[in-house]
Amino acid sequence: MTGKQSKCQTLLHDIKSKVLRRIRRLREDRVEVYYHPKQGYLIIANAVQKDSAAWLSVPPVETAAAKTDAGQLGAKIREGLRRSKKAGFMDRKDVEGFKFWQMTGLKGIDGFRSFSKRFQCVTLFRKGKALTLEAMVRDPYGAYAFPKDEESRIILPSSASEETIGQAVLKLLRQTPE
């Protein structure tokens, strides 16, 4: 390899890295709301992993009782969105030991796969002036996947009231099979 090829490859790598970082900065704030009828809600803020497009769950976990009203649930979700924005980009090693599913205290939950079989999930993305809520579906491998139908998606203005956000989450959880 010649010196010119090496410099070109380095320059291309640097350009690609800068473009990917800018794209990630444009990404939305993200929160996941997990629900179990006995456990209540787990509200998890997410951050983008540095040098990757992967999302990481970041502590602390916000919890709410199963009987929490829509306004209080929406307030906790809005706070999670603020934490997501503040977290920005993180190294995986900074949250490596964070396994929020262990906080449930339910017997038989020994990993994320067994957790996902018991908890419903709604993911919220805030990008610009839109807040998108999606009821996630479980795949056979124990992960959550994005829904294929439009009925499992609600789009609100990002300025929606906490009550409206909470009501939208509750609506999506009611239509998602357990």
Checklist outcome for this item: By residue number, the members of the stretch 84-96 that are basic (Lys, Arg) and in contact (Cβ under 8 Å) with a residue 40 or more places away in the chain are Lys85, Arg92
Next on the checklist: Pairs needed: first member in the stretch 49-67, loosely packed, with under 13 Cβ neighbours inside 10 Å; second member anywhere, in a strand (DSSP E or B) and among the hydroxyl-bearing types (Ser, Thr, Tyr); C-beta distance under 7 Å; at least 6 residues apart or different chains.
Outcome noted: none
Checklist outcome for this item: The condition from (1) of a type in the set (S, T, N, Q); (2) at pLDDT 75 or above; (3) over 17 Å from the mean Cα position of the chain (by Cα); (4) surrounded by 15 or more Cβ atoms within 10 Å (Cβ to Cβ) that Gln9 misses is numbered (4)
Next on the checklist: I'd like the full set of residues that are in a helix (DSSP H, G or I) and either modelled with pLDDT of 95 or more or hydrophobic (A, V, I, L, M, F, W, C) (or both), limited to the stretch 82-94.
Outcome noted: Ala87
Checklist outcome for this item: Expected single match for crowded, with 16+ Cβ neighbours inside 10 Å, at pLDDT 85 or above and closer than 16 Å to Val31 by Cα among Glu134, Glu79 is Glu134
Checklist outcome for this item: Within the stretch 138-178, residues modelled with pLDDT under 90 and under 18 Å from His36 (Cβ atoms) come out as Arg138, Gly142, Ala143, Tyr144, Arg174, Gln175, Thr176, Pro177, Glu178
Next on the checklist: Regarding the stretch 20-31, can at least one residue be identified that is part of a strand (DSSP E or B), modelled with pLDDT of 80 or more, within 18 Å of Arg126 (Cβ to Cβ) and of a type outside the set (Asp, Glu)?
Outcome noted: yes
Next on the checklist: Can you list residue pairs whose Cβ atoms sit under 8 Å apart, with the first residue in the stretch 142-159 being assigned to a strand (DSSP E or B) and of a type in the set (Gly, Ala, Ser) and the second being modelled with pLDDT under 85 and surrounded by fewer than 17 Cβ atoms within 10 Å (Cβ to Cβ)? Count only pairs 6 or more apart in sequence or on different chains.
Outcome noted: Ala145/Asp139
Next on the checklist: Quick check on the stretch 53-71. Is at least one of its residues at pLDDT 75 or above and either touching a Cys at 6+ places or on another chain (Cβ under 9 Å) or part of a helix (DSSP H, G or I) (or both)?
Outcome noted: yes
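The values are calculated or read from the model by the stated rules, or taken from the named source; none is laboratory data. Treat the numbers as computed from the prediction; the structure is a model and nothing was measured. Cβ: placed from backbone, ideal geometry, glycine included. Neighbour counts: every protein chain shown.
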